[in-house]
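These notes concern the structure reproduced below.
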Amino acid sequence: MATTTPRMKITYATLSADNEELQSAFDAAVERARGELGKAYPMIIGDEERHRDETFEDRSPIDRDIVVSRFPVGTRQDVRDAVAAAREAFPSWRDLGWRRRIELMRRAADLISERQFDHAAQMSFEVGKNRLEALGDVEETADLLRYYSDEMERNEGFSRPMGSLSPTEKTRSVLKPHGVWAVISPFNFPMALAGGPAAGAMIAGNTVVLKPSSDAPLMAYRFGEALRDAGVPAGVFNLVTGPGETVGAELQENPGIDGMVFTGSYEVGMKLYTGFTRDYPRPIITEMGGKNPAIVTANADLDEAAEGVMRSAFGFDGQKCSANSRVYVERGVAHEFVDRLVERARSISVGDPTRRDSWMGPVINEGALRKFTDAVDEARRDGGAIEAGGEVLRDDDTGRGYFPTPTVVTGLPLEHRLFRDELFVPFLVVGEVDSLDEALRHANATPYGLTAGIFSRDQSEVQRFLDTIQAGVVYVNRRAGATTGAWPGIQSFGGWKGSGSSGKSGLGPYYVQQFMREQSQTVIGDETGSDGE
Ligand code: NAD
């Protein structure tokens, strides 16, 4: 496949890409991606590329007549075979040593970066991300591999000498891999959230069976390809595609799985979390949904607030787990804030995201579009004012896809379910409050606790927010995104309460350790002892 070297590092905080070279490289990659549409891909089980007679179509949300790829409908037997392959590969992967493992992961990261444009163009077809968002997703994947490798190195493989109670005694604390981890990933960061968790597990010395979202299997396959091309041995990474109800369920039940990392909705995550324990506890990390608030006080720079909220509410159609879906604004500045926000929302260009001028593309599928139209109807019925959007585009370009418009709603009671339930569509509710404390009370009054933001120039307000808000990722006065845009090694990313189970975040310094268990080694009288390998 042709590749193009990126000339500019794209992150989620990159505001624009007026770089002609970059744009024409993307145009060329879109054309190449068109040529790849409709192909059939296999599952990856050990050293086998496994096809099945029964396949499912991965259709584009841009136009449902476009089949992006075809993948096998995996069975429970495929999962069992993948688990067996992963178990067989585990001892030699563990014994290879962390230095060699991170060498391979860094090589895979470089391959992903080299292929960034091709991957991003395919991702744009597969899930409807715009150019910058898709380029960001691919580069985030590569940086996750790099950052987790760096962490392993910084901690010298997590083997450290401890104190000693006698001169003849040598003690160490050693973190060791568990064995085989299941990775279940969502559609919305189809490469970063398949690749990141899988990389965490593999760098730690585990082997992996990945089940991606059926809305985005191609990006997971591309990740597997990069590992293979980098020289990661067969069986270390296995890919089984198919429904959550069979493939996912077998991963949950299979006794050959030693740990699980899931990213997706609260409903599925909680089911897995409560059902994963077998004869004894097995580690499970669940990263789940959010209903992420932004607070705008009377001391905010309203322009900055409107821009930051607009970017986080409508970037990738509100389909980021960190998307800003509710705003609490102080009454005195509410009118002006909403005016500025609405002006921005109305100027967003919605359309085919493979094109340069589209900032917002489609939502992922028909179910998501229905959620959007139902929410608009419900808001109207319950006395809300649709200040912007509320429509679905149905012209020649958009009629075969799922294109809602960026929607801002005011006037609903703050207890309304639209302030509480995650919708995962470009639908933002704005409510007025009398004080920062009232805003914080409402902000914290949901089962979720993923991201949150505040706009205020008053230091004591900012401090009160930082002291009180219940969320794993918080931002202050961030024009580039009120609640979104975390990057590996910069913002750790994980949820509190119903948004995440572990209290240790992805993208951060406590992640890789979660895929290992501690062994205390006390050795009397000689020099043996493990150095973590
Ligand atoms: P989803 O929960 O519908 O699906 C996630 C994965 O679980 C998919 O691979 C799916 O096939 C699988 N699955 C479904 N039913 C299953 C079952 N019974 N057993 C095992 N696996 C099953 O989520 P989605 O729609 O793909 O993604 C959007 C959701 O993910 C949102 O709620 C979003 O907030 C959340 N999310 C959270 C984070 C985070 O870091 N906290 C990041 C991204 C997305």
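The values are calculated or read from the model by the stated rules, or taken from the named source; none is laboratory data. Since the structure is predicted, the reported quantities are computational estimates derived from the model, not experimental observations. Cβ sites come from the backbone with ideal geometry, for glycine too, and all protein chains shown count toward neighbours. Side chains are part of the model used for accessible areas, which takes the heavy atoms of the whole protein and leaves out ligands, DNA and RNA. Shrake-Rupley method; radii C 1.70, N 1.55, O 1.52, S 1.80 Å.
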Carbon and sulfur together cover what percent of the accessible area of the chain at a 1.4 Å probe radius?
47 percent
Beta bridge orientation in region 292-488: antiparallel %, DSSP, nearest 5
20 percent
Among VAL512, LEU412, ILE386, whose Cα sits farthest toward the positive end of the charge dipole of the chain (+1 at Cβ of Lys/Arg, -1 at Cβ of Asp/Glu, about the Cα centre)?
VAL512
Compute the separation of the alpha-carbon centres of region 395-465 and region 313-337 and state it in Å as a whole number.
5 Å
To the nearest 20 Debye, how big is the dipole of region 292-488 about its Cα centre, given +1 on the beta carbon of each Lys and Arg and -1 on that of each Asp and Glu?
460 debye
Could you tell me how far the Cα centroid of region 138-178 sits from the Cα centroid of region 246-292, in Å?
26 Å
Each residue of region 205-215 in turn: what ³J(HN,Hα) in whole Hz from Karplus with 6.51, -1.76, 1.60 and θ = phi - 60°, glycine and Pro shown as x?
x, 8, 9, 9, 10, 9, 10, x, 5, 6, 7
On average, how much accessible surface per residue is there in the chain, in Å², for a 1.4 Å probe, leaving out ligands, DNA and RNA?
38 Å²
So in region 1-126, what percent of DSSP beta bridges are antiparallel if you round to the nearest 5?
80 percent
About the Cα centre of region 49-185, how large is the charge dipole given +1 on each Lys and Arg Cβ and -1 on each Asp and Glu Cβ? Please answer in debye to the nearest 20.
780 debye
Rounded, prolate or oblate (a/c below 1.5 giving rounded, otherwise prolate when a/b exceeds b/c) for region 292-488 by Cα gyration tensor:
prolate
Here the percent of antiparallel bridges among DSSP beta bridges lying wholly in the chain, to the nearest 5, is 45 percent
The alpha-carbon center of region 83-136 and that of region 472-505 are separated, in whole Å, by 23 Å
Neighbourhood net charge (13 Å Cβ-Cβ; Lys/Arg +1, Asp/Glu -1) for PRO488:
-4
Straight-line reach from LYS320: which aspartates and glutamates have Cα under 12 Å away, leaving out those fewer than 8 places along the same chain?
GLU133, ASP137, GLU422
Where only C-alpha atoms are counted, convex hull volume of the chain per residue in Å³
151 Å³
